[in-house]
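K.L.:
Below is one structure. I have some questions about it.
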Amino acid sequence: MSITSASRPASRGWLPVLAWTHVTLGLAGVVAVLASPLFGLVTGALVLTAALAVRSLRRAALTVDRIFEEELDR
């Protein structure tokens, strides 16, 4: 038996497929673990931005109402 006959492509089997599946699932798990806190931070930043925008618009509306009342009273 020679070296070339011992390393036939048919003898590889499912081992590389199994190894790459394991690596792919591991990388997907790492991405999921890292993306979850990032998603939470992005969502929190969006909620904070929306809350600040609503607060600013409410203050602006009150200021406009006050100015209109002062102008209409004169």
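K.L.:
Would you mind working out the accessible area per residue for the stretch 13-74, using a 1.4 Å probe, and quoting it in Å²? Provide the component values of the computation, followed by the final result.
P.N.:
Numbers: 5740 Å² over 62 residues.
I get 93 Å² per residue for the stretch 13-74.
K.L.:
Apply the Karplus curve 6.51 cos²θ - 1.76 cosθ + 1.60, θ = phi - 60°, to the phi angles in the stretch 63-68 and return the couplings in whole Hz, x for Gly and Pro.
P.N.:
Per-residue couplings from phi come out as 5, 5, 4, 5, 5, 4 Hz.
The values are calculated or read from the model by the stated rules, or taken from the named source; none is laboratory data. Since this is a predicted model, take the numbers as computed values, not measurements. Side chains are part of the model used for accessible areas, which takes the heavy atoms of the whole protein and leaves out ligands, DNA and RNA. Shrake-Rupley method; radii C 1.70, N 1.55, O 1.52, S 1.80 Å.
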